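The values are calculated or read from the model by the stated rules, or taken from the named source; none is laboratory data. If you're wondering where the values come from, they're calculated on a predicted model, not measured in any experiment. Quick reminder, even Gly has a Cβ in these numbers, built from the backbone with ideal geometry, and neighbours come from all protein chains shown. Areas reflect the complete protein model, heavy atoms only, side chains present, ligands, DNA and RNA absent. Shrake-Rupley method; radii C 1.70, N 1.55, O 1.52, S 1.80 Å.
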Amino acid sequence: MLKKIVVIFVLVVVIISIGMFYYKNEIKEQKIYHIMDQLTVTLESELKSYKMDDLKMALLLSKNQALVDALENEDEDLGYKILAGITTTIKKNTNILIRSQIITKELNIFARSWDDVYAGMPLGDYRTDLKYFETHTTPRTSIEVGRRLGIKATVPIYKDGELLGFVEVISFFKSITDFFSSMGVDVYALLDVKYIDSAVLMMENLAIDKYVVANRNYNYSHIQTLNKIDFKELRLSHVLNADGKYIFYETMYDGDFKAIGAFVFVLPERYLNYFRNPEDDISFLINVTRSGLYDVVKEEKYEKNIYDDYSATSMVYLQDVVDKEDRQMFLDEAYEKFDEYSKDELIQMMLERKIVKKIDGKIR
């Protein structure tokens, strides 16, 4: 009788344990997919916000009469002086960097706010999105492939019904990358490699699978994980787990709703507890424990030397994304790590660096 009781008790415990394990996994899976949904919503919100900010600026610039007159009179030097003066004043008083350019109706560079070197350079081969204005007179704001992948707010300039050219404000993905990083989520803006002939300024960027990384301030620590996952499986399932990290996939579309790449998010599994559960009433991703998670992320990044976890091989890749103000620290650490290698080993390390080298485009 005692044996029967023991057997029944053991069976009950096993069934309850299995049930609890299954329930716990179900709850965790629901949370993962809910996080994926919230990441998508948050990305769309951030992209929309930056698009609107860029469009506002482009619209204001398009109403600057002095700038319009310079374009009409084909005075490139004056156009650069006016445009650079406006953006410099904004940077000085708000610390916001505006990258703007004026394009002629022939699709040549008229003036750019950041330099006066490429005035007259044709853009038609790189900016197929500008064909939109052959049939439309309204502004356009979207992610587009140019010489670099970025968000482009383009406003046509008309005078007496005649098209003079375009004012454009350009943003890349630095602010969006920083925003998600503050929540412990690393984002990678990936351009499909088949567009690299147009994106000539990205030909030396890091490649992952059949993509080229567009954002320069990405977290290199996840690159090895991304290089070994099956991107076809990721595209189909939109979420994978590898190396203790959850990887999420969101297709990137241009202004014509054509798939041109992807946004890939990486969330270390240890950060899951910092996000609210799906059944909570308020948005668990944006409002909740974000401040607590930010403290953890900040502590992990800054309480130790940020380059301690990188190998010498990793430093070869990392050199492309180090900010100017951090470059001296990076070089000091890199030299120390490279000292451990022979000359032949260093040469081999550079030869094995995975970059896109194919250059078929032409600059006239």
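Among the residues of the stretch 219-250, write down those that are assigned to a loop (DSSP other than H, G, I, E, B), within 17 Å of GLY184 (Cα to Cα) and open to solvent by 40 Å² or more (accessible area, probe 1.4 Å). If you could, list the steps in order and put the result at the bottom.
To start, the set of residues in the stretch 219-250 that are assigned to a loop (DSSP other than H, G, I, E, B) comprises 219, 229-230, 238, 243-244.
Next, only the ones that are within 17 Å of GLY184 (Cα to Cα) stay: 219, 243-244.
Residue satisfying the conditions is ASP243 alone.
Out of the residues in the stretch 139-175 that are under 15 Å from MET52 (Cβ atoms) and of a type in the set (Ser, Thr, Tyr), which is most open to solvent (accessible area, probe 1.4 Å)?
Looking at residues that are under 15 Å from MET52 (Cβ atoms) and of a type in the set (Ser, Thr, Tyr), I get SER175.
Would you confirm, using the coordinates I've provided, whether MET202 is modelled with pLDDT under 95 and either of a type in the set (S, T, N, Q) or touching a Phe, Trp or Tyr at 6+ places or on another chain (Cβ under 8 Å) (or both)? Walk me through it before giving the result.
Working: modelled with pLDDT under 95: yes; either of a type in the set (S, T, N, Q) or touching a Phe, Trp or Tyr at 6+ places or on another chain (Cβ under 8 Å) (or both): no.
In short, no.
Among (1) surrounded by fewer than 14 Cβ atoms within 10 Å (Cβ to Cβ); (2) in a strand (DSSP E or B), there is one condition ASP115 misses while meeting the rest; what is its number?
Going through (1) surrounded by fewer than 14 Cβ atoms within 10 Å (Cβ to Cβ); (2) in a strand (DSSP E or B) one by one, ASP115 breaks only (2).
Test each condition in (1) open to solvent by 50 Å² or more (accessible area, probe 1.4 Å); (2) not in a loop (DSSP other than H, G, I, E, B) for ARG216 and report the one that comes out false.
Tallying (1) open to solvent by 50 Å² or more (accessible area, probe 1.4 Å); (2) not in a loop (DSSP other than H, G, I, E, B), ARG216 fails exactly one: (2).
Tally up the residues in the stretch 221-260 that are in contact (Cβ under 8 Å) with a residue 60 or more places away in the chain and on the phi > 0 side of the Ramachandran plot, please.
1
Looking for whichever is open to solvent by less than 50 Å² (accessible area, probe 1.4 Å) and part of a helix (DSSP H, G or I) here; the options are LEU60, LEU83. Which one fits?
Criteria check complete, one pass: LEU83.
Scan the stretch 97-111 and tell me whether some residue there is free of Cβ contacts under 8 Å to residues at least 40 places away in the same chain, assigned by the TED database to the domain that holds LEU164 and under 22 Å from the mean Cα position of the chain (by Cα).
Yes: the stretch 97-111 contains one or more residues that are free of Cβ contacts under 8 Å to residues at least 40 places away in the same chain, assigned by the TED database to the domain that holds LEU164 and under 22 Å from the mean Cα position of the chain (by Cα).
Determine, yes or no, whether ASN108 is open to solvent by 80 Å² or more (accessible area, probe 1.4 Å) and among the polar types (S, T, N, Q).
On the way: open to solvent by 80 Å² or more (accessible area, probe 1.4 Å): no; among the polar types (S, T, N, Q): yes.
Here the answer is no, as ASN108 does not meet what is asked.
When the residues of the stretch 197-210 are filtered to those that are touching a strand residue (DSSP E or B) at 6+ places or on another chain (Cβ under 6 Å) and part of a loop (DSSP other than H, G, I, E, B), which remaining residue is most open to solvent (accessible area, probe 1.4 Å)?
Within the stretch 197-210, the match that is most open to solvent (accessible area, probe 1.4 Å) is GLU204.
I'm told ASP178 meets every condition in (1) in a loop (DSSP other than H, G, I, E, B); (2) open to solvent by 10 Å² or more (accessible area, probe 1.4 Å) except one. Can you identify the failing condition by its number?
Of everything listed in (1) in a loop (DSSP other than H, G, I, E, B); (2) open to solvent by 10 Å² or more (accessible area, probe 1.4 Å), ASP178 misses just condition (1).
Can you tell me which residues in the stretch 45-57 are over 23 Å from ASP160 (Cα atoms) and open to solvent by 40 Å² or more (accessible area, probe 1.4 Å)?
Looking only at the stretch 45-57, we keep the residues that are over 23 Å from ASP160 (Cα atoms), and these are 45-54.
If the condition is that a residue be over 23 Å from ASP160 (Cα atoms) and open to solvent by 40 Å² or more (accessible area, probe 1.4 Å), then SER45, LYS48, SER49, TYR50, LYS51, MET52, ASP53 are the ones that fit.
Could you list, in sequence order, the residues of the stretch 86-105 that are open to solvent by 70 Å² or more (accessible area, probe 1.4 Å) and of a type in the set (S, T, N, Q)? Before the answer, list the steps.
At the first step, the residues of the stretch 86-105 found to be open to solvent by 70 Å² or more (accessible area, probe 1.4 Å) are 88-89, 91-97, 105.
Once the filter is applied, which keeps residues that are open to solvent by 70 Å² or more (accessible area, probe 1.4 Å) and of a type in the set (S, T, N, Q), the stretch 86-105 yields THR88, THR89, ASN93, THR94, ASN95.
Could you tell me whether any residue of the stretch 187-194 is of a type in the set (Ser, Thr, Tyr) and at pLDDT below 95? Don't jump to the end; show me each part of the working.
Let us first name the residues in the stretch 187-194 that are of a type in the set (Ser, Thr, Tyr), namely 188.
When the remaining residues are screened for being at pLDDT below 95, the result is none.
Within the stretch 187-194, none of the residues are of a type in the set (Ser, Thr, Tyr) and at pLDDT below 95.
Could you tell me whether GLY124 is of a type in the set (Gly, Ala, Ser), in contact with a helix residue (DSSP H, G or I) (Cβ under 9 Å, 6 or more places away or on another chain), assigned by the TED database to the domain that holds LEU67 and assigned to a loop (DSSP other than H, G, I, E, B)? Quick ask: steps written out before the conclusion?
Details: of a type in the set (Gly, Ala, Ser): yes; in contact with a helix residue (DSSP H, G or I) (Cβ under 9 Å, 6 or more places away or on another chain): yes; assigned by the TED database to the domain that holds LEU67: yes; assigned to a loop (DSSP other than H, G, I, E, B): yes.
In short, yes.
Would you point out the residue of the stretch 251-282, among those that are at pLDDT 80 or above and among the aromatic types (Phe, Trp, Tyr), that is surrounded by the fewest Cβ atoms within 10 Å (Cβ to Cβ)?
As a first pass, look at the stretch 251-282 and keep what is at pLDDT 80 or above: 251-271.
Cutting the leftovers down to among the aromatic types (Phe, Trp, Tyr) gives us 253, 257, 263, 265, 271.
On the way: TYR253: 13, PHE257: 7, PHE263: 23, PHE265: 23, TYR271: 18.
Per the criteria, the residue is PHE257.
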